[in-house]
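What follows is calculated from the coordinates using simple rules that are stated; it is not laboratory data. Note that the structure is predicted; figures quoted are calculated from it, not measured. So basically every Cβ, Gly included, is an ideal-geometry build from the backbone, and we count neighbours across all protein chains shown.
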Amino acid sequence: MADDASDLPASAGYLTPERIMMRDLARRFTAEEVAPAARRLDPIKGDMPRELIERMGELGFFGILIPEEYGGLGLGAFEYCLVAEELARGWMSVASIIARGNSFYRSVPGEGEERRRKIEAMAKGQYLGAAALSEPGTGSDLSGVTCRARREGDEWVITGNKYWCTFADGADYISVLCRIDDPDAPSGRAGTTSVSVEKPKGELPAGCTGNPIPKIGYFGWKTWELHFDGVRAPVRQGPSGNTEQGGRAHQAVAFGLGLARAHTAARSIGLAQAALEDSIAYAKERIQFGQPISDFQAIRFKIATMATEIEAARQLMYYVCSEIDAGRAGRIETSMVKYFASEMAERVTSEALQIHGGAGYTTLHSIERYWRDARLTKIFEGTSEIQQRIIADTLLGKPTIRGSN
Ligand SMILES: Cc1cc2nc3c(=O)[nH]c(=O)nc-3n(C[C@H](O)[C@H](O)[C@H](O)COP(=O)(O)OP(=O)(O)OC[C@H]3O[C@@H](n4cnc5c(N)ncnc54)[C@H](O)[C@@H]3O)c2cc1C
């Protein structure tokens, strides 16, 4: 059986020798360093080790999308997602953390040489970001943010609550989506801005308190609720992303989610592929009724369906990434791949658990971790229902009856 897409003729146009080399490097690294760390640390909800992050920095995984002039690899969404799929086979949070360089470099705070040095450090995994978009009352609808940024001279002063900020502690800065506190705004509703708040690694910013949220998976790093009480950050103009963006930062964030959605598809596919491989191995070795369970048609057909679904998602991801790199991908394609791959990953990891029987329902095998982590892919970076809404709105136009969307 073809265990990865390079064995299928359909991939030949996508997988150049350079891409295969990069994928295989990530695959070896995952087998040798990521998967053992996940098996050791996920059961105790431990953070991924700093040495692992440093190793990924040396391999260039944080700088795949960062231009070469900043020390990055200057490659595209395709290579980024190819590597993310491989890392997710080992541990989803490790596949996720590479986004904290690749897709964050535009929001790096600072100016001139100082900013350049930070982006160069980011390409090596030594300077990373976190995003505080969601709030207790604001998730899918980011236009409802209430955390406020008030301008005082050359500084923003941030006050309000944020929820679900992953890596708030480990990052070097937090990009905080805020409503601009402007009492003179027309109709009383001011625009939004993203403010990059720098802080020491391992701490929250001065004036910010918070607690880790007790989640059921996505271990390897912590996800925080945060309270900003007069946190100060410089107002910066220029390319750092820390400007008012015409008061429409939440729309800029929504646009950036396109790449994030392809990245989530890659993570989903990696999880599903790992579950498939573990299931094939288990089915061949587990004996019932005097024969390996892989002899039973019920199990064989599950494996066939799982492999087909994974491949369909992977080929869609290859297509969408190529479209992103060619500057042609629209919201509908990135929503489709995120929606299809994440729903697929939950189905496939659940079937994998079924193939393992009772053993799948223990923490002695990795299947339960794949399943817990796959469940999240349907929720973050825009829920499945939000992707369906985007796809349907593109095909049908917005609903005409208010309140039905
Ligand atoms: C482990 C984890 C890590 C996260 N990390 C981060 C992070 O680092 N930074 C960050 O900012 N956020 C992060 N998030 C937040 C994540 O992006 C949100 O959970 C997600 O956007 C959904 O928002 P919500 O949870 O408030 O759900 P809600 O928006 O309240 O949705 C609840 C339900 O209603 C449905 N729904 C909502 N609106 C519609 C609609 N118009 N039509 C149909 N159905 C609808 C949703 O699909 C969902 O089923 C994280 C979340 C989790 C669980």
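With label points built 7 Å along Cα→Cβ from the Cα atoms of Q354 and I332, find their separation and express it in nm.
3.3 nm
I want to verify the translational diffusion coefficient of the stretch 41-176 in µm²/s; compute it with Stokes-Einstein, Rh as the Kirkwood radius over Cα pairs, at 25 °C and 0.890 mPa s.
Details: Rh = 16.2 Å.
Taking Rh from Cα pairs, D becomes 152 µm²/s.
I need the fraction of alpha carbon pairs in the stretch 129-247 separated by more than 24 Å, rounded to a whole percent.
Value for the stretch 129-247: 22 percent of Cα pairs lie more than 24 Å apart.
With the radius of gyration and the Kirkwood radius both derived from the Cα set of the stretch 251-396, what is their ratio Rg to Rh?
Using only Cα positions, Rg/Rh for the stretch 251-396 is 1.06.
Report the FRET efficiency, 1/(1 + (r/R0)^6), for R50 and E111, where r is their Cβ-Cβ distance and R0 is 30 Å, rounded to 0.05.
0.60
How would you rank T362, T334, T159, going from fewest to most other Cβ atoms within 10 Å of each one's own Cβ?
Going from sparsest to densest Cβ surroundings: T362, T159, T334.
Any idea which of I66, I44, M56 is furthest toward the positive side of the dipole for the stretch 29-68, if Lys and Arg beta-carbons carry +1 and Asp and Glu beta-carbons -1?
I44
Quick one: if you stick a label point 7 Å off each Cα along the C-beta vector at E32 and A304, how many nm between them?
Those two pseudo-labels are separated by 3.8 nm.
Tell me which lysines have Cα within less than 17 Å of K199's Cα, excluding those fewer than 8 residues away on the same chain?
Partners found: K118, K162, K222.
Please quote Rg/Rh for the chain to two decimal places, taking the Kirkwood radius as Rh and restricting both calculations to Cα atoms. Intermediate results must be reported in sequence, preceding the final value.
On the way: Rg = 21.7 Å, Rh = 22.0 Å.
Rg/Rh: 0.98.
Below 16 Å, Cα to Cα, which lysines can K124 reach? Residues fewer than 8 away in the same chain don't count.
Filter leaves K201.
State the Cα centre-to-centre distance between the stretch 338-400 and the stretch 148-211 in whole Å.
31 Å
Just order 62-73, 94-105, 294-305 by mean Cβ neighbour count inside 10 Å, highest at the front, would you?
Values: 62-73: 20.2, 94-105: 25.6, 294-305: 14.0.
Ranking, from highest mean packing down: 94-105, 62-73, 294-305.
Taking amide H positions as placed 1.01 Å from N in the peptide plane, with prolines and chain starts having none, which residues 5 or more places from G191, or on another chain, fall under 5 Å of its amide H?
Counting only residues 5 or more places away or on other chains, the set is I180.
Please enumerate, by chain and number, the lysines with C-alpha under 17 Å from the C-alpha of K398, excluding those fewer than 8 residues away in the same chain.
Within reach: none.
Compute the separation of the alpha-carbon centres of the stretch 265-300 and the stretch 123-139 and state it in Å as a whole number.
36 Å
With point charges of +1 on the Cβ of Lys and Arg and -1 on the Cβ of Asp and Glu, referenced to the Cα centre of the chain, which listed residue (A185, T308, M21) lies farthest in the positive direction of the dipole?
A185
Which FRET efficiency, nearest 0.05, do E277 and A12 yield, Cβ-Cβ r, R0 25 Å? Could the numbers behind the result be given before it?
On the way: r = 22 Å, r/R0 = 0.90.
It comes to 0.65.
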